[in-house]
Structures are given as structure tokens and as C-alpha cells.
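Structure first, commentary second.
The values are calculated or read from the model by the stated rules, or taken from the named source; none is laboratory data. Just so it is clear, the structure is predicted and the values come from calculations on it, not from any experiment. Here Cβ is always computed from backbone atoms with ideal geometry, including for glycine, and neighbour counts include all displayed protein chains. Remember, those area values only see protein heavy atoms, side chains included, never the ligands or the DNA or RNA. Shrake-Rupley method; radii C 1.70, N 1.55, O 1.52, S 1.80 Å.
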Amino acid sequence: MTVVIVCANVANLMLSRAVARQRETPVRRSLGASRIRIVRLLLAEGLSISVVAWLAGCLLTIWAARAIPRLLPDSPFGQAGIDFGPDWKVVVYAMVLAAIGTIAFSLAPALRVWRQDALPWLKAGEHSVAPGRSRLSNGLVVLQLAFSVVLLTLAGLATRSASLMTVDLGFDSQNLLLLTVRTTGSVTTRESSLALIDRIQERLQVIPGVHRVSYVRSFFPTTQMVRTAGAAEALRATMHVVGPGYFPTMGLSPVVGRTLTIADRERAGAVAMINQNLANALWPEQNPLGKTMSLRMLTFRGESGEQVERVEIVGVTPNAFVGGFNPERPDPRPNLIFISEQRAFRGPSRDPAAPGEITFYMRHGDSDLESVASALGPVLREVDPRVAIVSTQTMDTRLDNVTFSARVIARLLLIFSLISLLIAAIGQYAVIAFNMRRRVREFGVRIALGASARQVLSTVLREAFVLTAVGLLLGLLLSVRRAFCIRGAVFGGTPT
């Protein structure tokens, strides 16, 4: 949309330039220049302007590639995941756009020169101009203002959505340190994997400043289809494999029932905890304890995978976004299932106790973050030096990274919309200034007939405000329509 605004501005300037030279081209023809030669001249002038603009644009791009990251929200994820440096494909694309713009905006004035009758212009006075040109210029100004309003509106919606992307997670995210490790280089069997995880948890628990420790399997969550006996339809739910002490570490107490323990790993029958949302959906106004459900895992293609029958419910947890919150596609009522590394959930393609990535959650004191973080490396080397540390971050940092992309888009939209508004204002100024220059003799006649300078000024301002009002109205109508198209991505408010 910014490109359209710039193109409209360039078209306006080229039209103004062509009108100012309408008497020059008949003089050239009277001196022997052919129409083809004059058209070639106009195209060559436009091409030279586009080449200079392209070179200036490349320099500005290099500067912007260094300046824009400084204007974006600070985030290690963002700095590592986004590259603003231009490459040769972008340069070629810009050059092609410059060539297309040259042909498009130089061809219209050139065709007008081709059809122009030279004799009337040779007889006319110096200030004679072609009628009707101002309508096209005014239309282009309205177009620029309208698109600028659309960009500003979208930037406002994105900024508001990003600022409102704070929800009640249902647990205390402060003083929670997350350590993700990979155990595939240390163990190969189910038993050795569980033994290693238990040793790491026990060793992390005795670090000074650490109050509670638990873990979550990082290769989960998986999407499950949940069905109860006699139910007509299955429900989607997300399953998490958690370690003992997970819910006390997160600051959650069961609504009813109990939490998962180490003893559940070796149970013959499958047991699970579910959140209150899923309990209400499966057994409304009933006690879910002791009831059973069946699970069928979904693959990436949406096809049914292995099925686990008769999963007994042993506890219900409060509703909390413990599995993360996606602000771009928020689910206000997620269905969650929590299991331990039980053999009943072991299938041909998965094993909840298999070696892999595990994220340890450590609840620490208010002032113990630095001391706890510095002790993690020595503790892991003491347990098993082959355990690889994948990442270490606080829960608040992880939540900031979740909303980082939305905040970056909002900031970039704001920058480009302000630039577009500036370009539109320059275009409007150019049109008004050129129209005033064309009407100098008209204003002189008006003043000679008794009009005051204030009346002349009011006429000029009225015309400018009419263009602005029409552009704003059209822009608001387009903005409302565009906002309803993206209402699914608007968080915390309505498109209007």
C-alpha cells in the first residue's frame, strides 16, 4: 500500500510537470522535432529520474536496515530470527519497480503530447493550461490520503492488540526459571532416561534459593481427540507430559482429586488429570473423578493415530494457560490433559519416557535468579556431562517472546504508515501549490474586482480541506472494511 501511495504521488508530480511544459512541446515541434523524438525525450527524462531515485533508495535501504532494528522491541529471539539486511534480489526487484514506474508515469504525458495540436498552443498566452488536469491530480491526492488512513488504522489496531496481549495465565509467572536440556546423548532406554531425569530433578532441588522443581516433556504437547462413552462427538484437547510436583511448582492446587505422582508411571491402567474446561465439556455438572475417557492422537495431517482406551481421571486442575498462550489465535477455553510417563501411553511411534528435550521448571526466591542460573551448568556437569543445555530463560521472557512477532508487526506498520502519511502530505502540498501558481492571474482579477486577500486565502484553504475530508472519509470506509477482514487477528478489541 505504501508503494501505491508513492506511485500516486509520482504520477501527480509527472502530470504537473507535463502540464507546465505543454507550450514547450509545440515549440519543439515547430522547430522540426518529430512526435517520436519528443516522446523519447520524455521517457528518457523519466528514466533518468527513476535511476537517481533507485540509487537514493538503495542508500536509504542500507541506512534503514541498520536503523529499523533499533526501533523494534528488544528481544533475543527477535534479534536472532529477523534479518533486515537487503540482498541482490531486493535490489533487482526495486530496479524493476523503478522501470515499471518510469514507463507508467511517463507514458501518459507522452501520449498526450502525441495527440496534442500544436497550433492553438503556439497562439496561446504563457499562462494557458489544459482544462481538466486538476481533477486527476485531486483524485490522486484523495487516493494517497485514503490509503494513508488505512495504513494508520491497521497500525493502530495492531498496536492496540499488541498492548492488550496480556491475559490472566492462571499461575504466577514470576520467579520461575526454565531450563531446557537434551538427554539423547546420555541415555538410550526408557529406564535410564527416567533415572537421569530424576537425578537432575533431585540435584536441582538442593540448589540454594530453589524452592520447587518439576519438568515438562518438550516434544509434547500433542493434540488428542477425547471421547467418552456415549458421546456423539470427540473433543480436541492438548496433552502434556509432566513430572512429579509439577502443579505445586506452578502454584496450582487440584480443584478435586489428586496430582500425578511417580507411582503413576508403573500403573497398569492409564490415569490423567484434566483442566476444569475439559471436565465441564465432558461431564457437565458431574464429578469427573473415576470416570474414563479414550484418547486418539492426531498426526500433522489430521489423521487418527494410536488410541489409548479407558484413561481414568484422578484429578481436575484450575484453568490456566500452562501450555502457553498464542495471542495471534487465542483460545479462551483450552482443553488440557496432563499425564506422567506411563507405559499405557507408549505406542509404536512415541514413548512419553523416551530420551529427548525436557524443560525443568524451578521456582526460586525473589533475589536468587542470578545465583540459581549460575549454578545450573556445574550441577548438570556433576550429574552427567553429556547432558546438553538447550536454553535457559525466565517464564516472563518466554511470554515476551510469544508476543514479540505481533509487537514487531505493529511497530513496522506504524513506521510505514507515518512515512506514507508524510508522502501523502507532500503530494497534497505539491498539487495545491501548483494549482495556486496556475491561478495567479485569476486571483489578481478577483482582487481587482474587490475580493480581499482573506477571501482568496479562504478559497484556497477550503479546496484543500475538501480534498482532506474526502480522503479521510474514503480512508475510514476502506479501513472499516479491511479491519473486518482481519478481525480474527485482532486481540482484545473489535475492528471498529
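Here is how the numbers come out for the structure above:
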quantity	calculated
Criterion: charged (D, E, K, R), over 17 Å from V241 (Cα atoms) and either at pLDDT 95 or above or exposed (fewer than 15 other Cβ atoms within 10 Å of the Cβ) (or both) - qualifying residue of R199, R227	R199
Any pair with Cβ under 8 angstrom, 6 or more apart, that starts in region 401-426 at a residue that is in a helix (DSSP H, G or I) and ends at one that is acidic (D, E) and modelled with pLDDT under 80	S405/E328; A406/E328
Qualifying residue in region 338-356 (condition: under 33 Å from the mean Cα position of the chain (by Cα), of a type in the set (D, E, K, R) and at pLDDT 90 or above)	no
Residue, farthest from A64 (Cα to Cα), within region 382-397, restricted to residues that are touching a helix residue (DSSP H, G or I) at 6+ places or on another chain (Cβ under 9 Å) and open to solvent by 60 Å² or more (accessible area, probe 1.4 Å)	E382
Some residue of region 335-345 being farther than 27 Å from I200 by Cα and open to solvent by less than 50 Å² (accessible area, probe 1.4 Å)	yes
Lone unmet requirement of (1) over 38 Å from the mean Cα position of the chain (by Cα); (2) closer than 29 Å to T394 by Cα; (3) without any contact (Cβ under 8 Å) to a residue 60 or more places away in the chain for A263	(2)
Filter result (over 27 Å from the mean Cα position of the chain (by Cα) and assigned to a strand (DSSP E or B)) within region 178-191	L179, V181, R182
F300 vs. criteria closer than 22 Å to V213 by Cβ and either modelled with pLDDT of 90 or more or open to solvent by 60 Å² or more (accessible area, probe 1.4 Å) (or both)	no
Residue that is modelled with the lowest pLDDT, among those in region 80-98 that are within 24 Å of V408 (Cα to Cα) and small (G, A, S)	A80
Yes/no for I389 being under 30 Å from P355 (Cβ atoms) and modelled with pLDDT of 85 or more	yes
Hits in region 236-272 - residues which are open to solvent by 40 Å² or more (accessible area, probe 1.4 Å), at pLDDT 85 or above, of a type in the set (A, V, I, L, M) and more than 17 Å from F360 (Cβ to Cβ)	V255, V256, A263
Qualifying residue in region 145-158 (condition: open to solvent by 20 Å² or more (accessible area, probe 1.4 Å), at pLDDT below 90, among the small types (G, A, S) and over 28 Å from the mean Cα position of the chain (by Cα))	no
Unmet criterion (only one of (1) touching a Phe, Trp or Tyr at 6+ places or on another chain (Cβ under 9 Å); (2) open to solvent by less than 60 Å² (accessible area, probe 1.4 Å); (3) part of a loop (DSSP other than H, G, I, E, B)) for P288	(1)
Close pairs (6 angstrom Cβ cut-off, 6 or more residues apart or separate chains): within 15 Å of T180 (Cβ to Cβ) in region 378-389, among the basic types (K, R) anywhere	V379/R203; A388/R182
Any hit, region 364-376, residues being within 16 Å of L179 (Cβ to Cβ) and without any contact (Cβ under 8 Å) to a residue 24 or more places away in the chain	yes
The one condition in (1) farther than 21 Å from L140 by Cα; (2) open to solvent by 60 Å² or more (accessible area, probe 1.4 Å); (3) modelled with pLDDT under 75 that M1 fails to fulfil	(1)
Selection count where residues are out of contact with any Phe, Trp or Tyr (no Cβ under 6 Å at 6 or more places or on another chain) and either under 25 Å from Q174 (Cα atoms) or open to solvent by 50 Å² or more (accessible area, probe 1.4 Å) (or both), scope region 273-285	8
Criterion: open to solvent by 40 Å² or more (accessible area, probe 1.4 Å) and at pLDDT 80 or above - qualifying residue of L71, L59	L59
From the options L449, L477, L457, residue that is open to solvent by 90 Å² or more (accessible area, probe 1.4 Å), under 31 Å from the mean Cα position of the chain (by Cα) and modelled with pLDDT of 85 or more	L477
Any pair with Cβ under 8 angstrom, 6 or more apart, that starts in region 172-189 at a residue that is on the phi > 0 side of the Ramachandran plot and ends at one that is in a strand (DSSP E or B) and open to solvent by 20 Å² or more (accessible area, probe 1.4 Å)	N175/R363
Count of residues meeting criterion [crowded, with 18+ Cβ neighbours inside 10 Å and closer than 30 Å to L154 by Cα] in region 424-446	5
Where V213 falls short, out of the listed (1) closer than 26 Å to S367 by Cα; (2) among the β-branched types (V, I, T); (3) surrounded by fewer than 20 Cβ atoms within 10 Å (Cβ to Cβ)	(3)
